[in-house]
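What follows draws every value from the coordinates through simple rules; no lab data is involved. Remember, predicted model here, so these are calculated numbers, not experimental data. Every residue, glycine among them, receives a Cβ derived from its backbone with ideal geometry; neighbour counts consider all protein chains shown.
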């Protein structure tokens, strides 16, 4: 007998895998963004080495926004969300598990792919590792914050742009400390662990608080 | 306080308060501007540009004050579900955005001669810009969700989530040692501004607060009237749809 939350995770994972697109499309989007940047700023390897971590972080952030508006929308449209609300499991936990599943299907491929794309940005091994670790620690915060925006725009048919407007200003702290951790990995004055610890704190705090905000929105907007 | 949940009471209150607040704002801003331009001394370092501060600082305070008003109204929407709280929330967003914008523009105009640049990515400037972005996103949210109750609830939660930015703005100058000068008026050791500059600043700030209150009340009144008009239009439209006999019965 599976616990309801485990069952929900398996369901979300299966849906994401069967619909397809989500994870692999995000990785392709990341690759496209990384490819067009040198066209815009020129193929200067020294410059690319310096701004590479920032470019990869911004690209990962934008790639994560792509699928986020569907986080609750499909369930809202077909009524599954009402079923989930009626269940005995608190909606906050449901939101948390949906975020975890969404992160595992969309962000985890980005976390794996982004350091590899660092090659195109002339990154060294230490820096690639730093990008990977900082994304691994930081992307859950983006998913949790994004869940609030996704819940706020759940009833809108074309809420994607509005969601980006709502979510991006709130992602600024995670972006700042994520990029500063990623750049600190390849040397510099600040040690790698300091921004990474703050980034981890942001992830833990948003994981603890954002499901409540998102669940409150889903309950009130579903009325 | 509970009386403010009644839209009719709010309309009556607004009718009496708006002229008073408006007159106070006009008087205080006129006196304040006179003091700023003719009485307050030029700064020994900044010269005449210091006069920009008398607009810049009140605008910054009110940009944040409007957010606090909006957040309190958001709490009213979520906890008590007051329709007036919805209107107060909706009305505060464009006003807050305006004051924040004025703060950013005046700061930037002051920055060019003083810092040598219109913009630096300093902690306080950046967090103020994020505040403007949050205001704009909330306005977009209000404009996108058609049903007012739904929009109010969505905006309320987003407002409370965005509230984390306010302490960041307030303390950014203390936490990070940046280009923007630290707080000089509200300090535990008393204001670090000389009286001849402090008084015009406080008068301008109180005047700007009354301006905000008057504009906010006017906007709330418009929102209440707009909703009433909307409801009456709908009622009239549905009355026209009724068959003639039903309309006759309804009229009886």
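Go ahead and run the numbers for FRET between residue A:112 and residue A:36, Cβ-Cβ distance against an R0 of 22 Å, rounding to 0.05. Present the calculation step by step, with values, prior to reporting the outcome.
On the way: r = 21 Å, r/R0 = 0.97.
The pair residue A:112/residue A:36 has a calculated efficiency of 0.55.
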Using alpha carbon centers only, region A:190-216 is separated from region A:89-163 by a whole-angstrom value of 13
By the C-alpha gyration tensor axes a ≥ b ≥ c (rounded if a/c is under 1.5, else prolate when a/b exceeds b/c, else oblate), the shape of region A:148-220 is oblate
Expressed in nanometres to one decimal, the distance between label points 7 Å along Cα→Cβ at residue B:237 and residue B:3 is 3.6
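With the Cα gyration tensor of region B:1-80 giving a ≥ b ≥ c as the square roots of its eigenvalues, does the rule (a/c under 1.5 for rounded; else a/b larger than b/c for prolate; else oblate) give rounded, prolate or oblate?
Oblate.
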The Rg/Rh figure for region B:95-149, Cα atoms and Kirkwood Rh, to two decimals is 1.15
For the protein assembly as shown (alpha-carbon point model, no solvent) the Debye-based log₁₀ I(q)/I(0) at q = 0.09, 0.11, 0.12 Å⁻¹ works out to -0.74, -1.02, -1.15
Reduced to Cα centres, the span from region B:29-51 to region A:38-72 in Å works out to 47
Semi-axes (Å, rounded, descending) of the ellipsoid equivalent to region B:37-132 per its C-alpha gyration tensor are 33, 15, 9
What the Cα atoms of region A:4-222 span along the principal axes, largest first and in whole Å, is 56, 32, 29
The relative contact order of region A:4-222, taking Cα pairs under 8 Å that sit 6 or more residues apart, comes to a percentage of 27
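Based on the Kirkwood radius over alpha-carbon pairs, what value in µm²/s does the Stokes-Einstein equation return for the translational diffusion coefficient of region A:107-167 at 10 °C and 1.306 mPa s? Show your work: numbers first, answer last.
Details: Rh = 13.1 Å.
For the chosen part, D equals 121 µm²/s.
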